[in-house]
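Coordinate-derived values only; no laboratory data. What you see is a predicted model, and the numbers here were worked out from it, not measured in a lab. Methodologically, a virtual Cβ is constructed for each residue, glycine included, from the backbone with ideal geometry; neighbour enumeration extends over all protein chains shown.
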Amino acid sequence: MILLDNVTKTYAGDKEPALDSVSLHIEPNEFVFIVGKSGAGKSTLIKMITKEEIPDSGKIVVGGIDLDYVKKRHIPGYRRRLGVVFQDFKLLPRRTVYENVAFALEIAGMSGKEIRRTVPKVLELVDLLDQAKKFPDQLSGGQQQRVSIARSVARQPKILIADEPTANLDKLTTAEIIALLKKINDFGTTILVSTHDEDVVNNLQKRVVTLKGGKVVSDQKNNGIYKLDETKASPKRTVQAPGSAIKRKVI
C-alpha cells in the first residue's frame, strides 16, 4: 500500500538530512502511528507520500503508483486519491459544514446528484448531520476536526493520512477523534497518523514507527508503545511487499 525504499531527503542549507535512508512498508488496512521529537522527520515523511516534496534518492510507491512517474500536472489528481487531515483543519470559513464536504466532492468531479447522496452519509459517519448548516466558527475544535475528516473520507480514499490531528484538542475530544479514525480503519482504510500524543499511542497499541534524526530507529509492528529513547537506527535494507515486485504505474 505504502512503500518507501531507502528514501533520503536533505533540504537546501541543512547539513543533516531530514530523512536518511528510510525504508518502510505499510500494508493495506494497517493503522500506523509515526512518532518522534520535533525535527525527527515526521512531517517530511508525510510530504514525501503526498508528493509535496521529492526525495533526493530512493523509491516511493503508494497504492501501486510509483511517484517517480507522477508528472507535475498530475499531482493534484494523485493527491485526490489520498485523504489528508491537518491539525489546523483547513476548513473554508464562509461555507457551511455541508458545503465544506460537498466542495471536496465538486473538485473531484462528482455530480450534484452523487454529492447530495454522499454528503449526508459522511456527516452521519462523523456524527455531524445535525450540524450541517452551521459554519466552522460555530463549531468546537473537535467538531471542526470531524468536518475535516469527513471532507477527507468523502471520496472513500484507500489511504488516510493525519498529521497531528489532535494537537489542539482536549483529552476527551482527542479520544473521540481517535475513535473515529479507528472506525474508519475498521471499514478498510489504511490510516497513517503522525502524533506527539503518548496517551493516544499507548491506549490504541497499534503499529508504531519511531523516527530520530531522520532515521527509523524502531518499528513495533504489534501492540506498539510510545518511546523515543532508541539509539540505534534500523539497518539499511530494501523493503518490498511480500511475494511481489515493485510495480510502476503512470497516471
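Using the charge dipole of region 87-152 (Lys, Arg: +1 at Cβ; Asp, Glu: -1 at Cβ; taken about the Cα centre), state which of Leu129, Gly109, Gly142 has its Cα farthest towards the positive end. Of Leu129, Gly109, Gly142, it is Gly109. Across every direction, the projection of the convex hull enclosing the Cα atoms of region 87-152 has a mean area of 4.0 nm².
Its alpha carbons give region 1-132 an Rg and a Dmax of 17.7, 53 Å.
Adding -39500 (n - 2.57) for every DSSP H run of four residues or longer, then dividing by how many residues the chain holds, sets the calculated 222 nm ellipticity at -9000 deg cm²/dmol. Counting only Cβ charges, +1 for Lys and Arg and -1 for Asp and Glu, the dipole size of region 87-152 around its Cα centre is about 160 debye. Its residue count N sets the reference 2.2 N^0.38 Å, and the alpha-carbon radius of gyration of region 63-122 equals 1.33 times that reference. The longest part of the chain holding none of the exposed loop chymotrypsin sites (Phe, Trp or Tyr not before Pro), meaning those outside H, G, I, E and B in DSSP with at most 15 other Cβ atoms within 10 Å, is 12-186. Projecting the Cα atoms of Ile178, Thr10, Leu228 onto the dipole axis of the chain, where Lys and Arg carry +1 and Asp and Glu carry -1 at the beta carbon, places Thr10 farthest toward the positive end. Just so you know, the averaged projected area of the alpha carbon convex hull for region 101-201 sits at 6.5 nm². Within the listed set Lys212, Lys51, Lys37, the Gaussian network model of the chain (springs between alpha-carbon atoms below 10 Å) gives the highest mean-square fluctuation for Lys37. The Asp199 and Asp88 beta-carbon pair, evaluated with R₀ = 30 Å, returns a calculated FRET efficiency of approximately 0.90.
For the chain, the convex hull drawn through the C-alpha positions has a volume of 138 cubic angstrom per residue.
For the chain, the dipole from Cβ point charges (+1 on Lys and Arg, -1 on Asp and Glu) about the Cα centre works out to 960 debye, to the nearest 20. A Gaussian network model of the chain, with springs between Cα atoms under 10 Å, assigns the largest mean-square fluctuation among Gly214, Gly112, Gly13 to Gly13. Checking the cross-link filter: which lysines have an alpha carbon closer than 20 Å to that of Lys71, excluding same-chain neighbours under 8 positions apart? Within reach: Lys9, Lys47, Lys51, Lys59, Lys247, Lys249. Of Arg79, Arg151, Arg94, the residue with the greatest mean-square motion in the GNM of the chain, using alpha carbon springs below 10 Å, is Arg94.
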